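Beneath this line is the structure, given in structure tokens, with notes to follow.
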Amino acid sequence: MERKRTREAGCSRETMERLVSLAARLLLECGAETYRVEETVCFIARRLGARDAQVLSLPTGCLYTLVDAEGETFSRVVRVYARSTNLSTIEQVNDISRGLVDGRFDEGEALVKLEALCAVPPQPLWAGIGASVLGASGFAVLFQGGWYEALVAAVCGGLASLLSRAFGPALLPSCFHLFLSGALSAALARISALLRPEAGVSAIIVGAIMPLLPGMLITNAIRDTVSGDLLSGVARSAEALIRSAAIAAGVGVALALWRV
Amino acid sequence: MEMNLDFIAKACVSFLAAAVGAVGFALMFRLRPRALLPGALLGGAGYVLYLFGMQLSLGAVASSLLGAALVGVLGELAARRMKMPALALTTIGAIPLVPGYGLYQTMLYFVEGQNQLALATGVETLLVAGAIAVALGIAAAVSRSAGGFLHKKEKGGDNGREGGELGEAKQNG
């Protein structure tokens with residue numbers, strides 16, 4: 001116990017700041033829940049000897065104010081621009097912050113581990129396409145499709161995944177590729193119905209757009225709202241609405257053009 | 001009888017389809033490989049219970065609540081056993097239940113100008129999402145308070161650091 005205390009007092013402000021900011025940024029970028037980000041910041045800061053820690057986390061960033069062991073106050077803003085879902089990184093950040101709090105390793109080791117997590121390469125192209133193909137075909141069958149519907153939905157899913165790579169968030173607003181994918185899926189579903197008139201167009205479309213839909217986002221939005229993180233809840237709902245509107249608009253435009 | 005056989009066949013197909021869909025999502029969300037199989041089984045099991053609820057005409061909201069509760073409880077137990085955060089397993093398991101289709105249909109009705117249908121579908125979608133979130137949230141809260149209790153008891157000893165976690169896993173598995 002004594003050993004712990006001396007180490008806490010020895011932790012520099014820069015280390016505390018870098019650790020806390022890095023953990024918060026990684027969690028936010030990987031789509032962790034609001035409460036997890038706030039708890040992680042508080043736990044790490046307290047473990048490193050902060051007297052007080054106040055955090056406000058939003059889906060687009062995190063603000064925190066810490067009072068360190070000498071009584072000095074400092075505040076930082078961690079702004080996050082690109083968000084995706086990466087469950088394994090959330091799990092690993094969680095492990096690291098737990099290990100730090102339990103005393104399994106010290107702040108230097110934790111910092112090295114967090115920095116290693118930042119350097120993990122993005123998912124390879126084939127894996128992204130494969131995941132999308134599996135998801136799309138599975139859901140086409142779930143919505144009463146047969147093998148033909150599953151096949152067409154798989155093609156649409158693969159193309160949608162390619163599109164989202166081609167039009168990354170750097171090039172265009174993220175809802176643009178959703179619009180394009182929705183339109184493409186509806187058009188392909190219609191074309192496949194020309195080849196095989198008894199094909200279920202709606203099963204194909206729903207299966208193909210299922211991997212794009214923000215279903216998890218809206219469930220998390222409600223979870224945030226229920227647990228009292230009202231701002232995050234509203235922000236996530238808005239994002240979910242805009243994304244689903246973009247997909248539906250794409251599908252709607254393609255279907256409307258087909259009728260003309 | 002014929003009805004039952006039909007339902008069983010449908011349930012089997014849905015189980016497989018939901019499991020495949022869940023695996024697709026798990027890969028997309030970069031779940032660790034060792035959690036893939038439990039995630040897929042959870043996804044299938046939750047969806048079959050949802051189908052069963054729909055078969056008993058409980059309605060989409062109550063059926064989703066049932067399915068998500070199963071996913072939540074089994075996910076928390078499996079996560080304890082595998083010593084990983086339950087979030088990863090329950091998120092993947094609940095994916096087939098998430099009302100993405102309802103959300104899409106709502107927006108499609110809006111695009112088509114059928115505002116009344118859009119509002120009705122939208123409200124149901126929100127209720128389903130709420131039911132899933134509540135079921136998962138309750139499972140997580142119960143597991144967390146039970147885990148904390150066990151943890152404290154185990155931590156009475158001096159080397160409570162590792163012992164607490166191991167004891168917790170043993171108690172639940």
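The values are calculated or read from the model by the stated rules, or taken from the named source; none is laboratory data. Computed from a predicted structure; not experimentally measured. Cβ atoms come from the backbone with ideal geometry, glycine included; neighbour counts cover every protein chain shown. Calculation scope for accessible area: heavy atoms of the full protein, side chains included, ligands and nucleic acids excluded. Shrake-Rupley method; radii C 1.70, N 1.55, O 1.52, S 1.80 Å.
Taken together, A:A82, A:A116, A:A140, A:A183 contain a single residue that is within 11 Å of chain B (Cβ to nearest Cβ) and either under 30 Å from A:A53 (Cβ atoms) or open to solvent by less than 60 Å² (accessible area, probe 1.4 Å) (or both), which is A:A140.
Of everything listed in (1) buried (at least 17 other Cβ atoms within 10 Å of the Cβ); (2) without any contact (Cβ under 8 Å) to a residue 60 or more places away in the chain; (3) assigned to a helix (DSSP H, G or I), the single unmet condition for A:A256 is (1).
If the condition is being at pLDDT 90 or above and among the aromatic types (F, W, Y), then the stretch B:5-57 contributes B:F15, B:Y47, B:Y50, B:F52.
Hey, any hits in the stretch B:75-92 for a residue that's out of contact with any Cys (no Cβ under 6 Å at 6 or more places or on another chain), over 26 Å from A:I96 (Cβ atoms) and modelled with pLDDT of 85 or more? No, every residue in the stretch B:75-92 fails to be out of contact with any Cys (no Cβ under 6 Å at 6 or more places or on another chain), over 26 Å from A:I96 (Cβ atoms) and modelled with pLDDT of 85 or more.
If you take just the helices (runs of 4 or more DSSP H) that sit entirely in the stretch A:143-250, which of them hold at least 3 residues that are closer than 23 Å to A:V80 by Cα? Explain how you work it out, then say what you get.
Details: elements: A:147-166, A:174-195, A:201-209, A:215-226.
Correct list: A:147-166, A:174-195, A:215-226.
The residues on offer are A:T89, A:T40, and the sole one that is polar (S, T, N, Q) and closer than 30 Å to A:S161 by Cα is A:T89. The residues in the stretch A:74-89 that are touching a helix residue (DSSP H, G or I) at 6+ places or on another chain (Cβ under 8 Å) and under 16 Å from A:S232 (Cβ atoms) can be counted, and the count is 4. Criterion applied to B:L27, B:L87 was being facing another protein chain (nearest Cβ under 10 Å), open to solvent by 10 Å² or more (accessible area, probe 1.4 Å) and over 11 Å from the mean Cα position of the chain (by Cα), and the one residue passing it is B:L27. The combined condition, being open to solvent by less than 60 Å² (accessible area, probe 1.4 Å), small (G, A, S), under 25 Å from B:A94 (Cα atoms) and touching an Asp or Glu at 6+ places or on another chain (Cβ under 8 Å), is not fulfilled by A:A154.
Looking only at the stretch A:119-132, filter to residues that are in contact (Cβ under 8 Å) with a residue 12 or more places away in the chain and open to solvent by 50 Å² or more (accessible area, probe 1.4 Å); which one of those is nearest to the other protein chains (Cβ to nearest Cβ)?
By that ranking, first place goes to A:V120.
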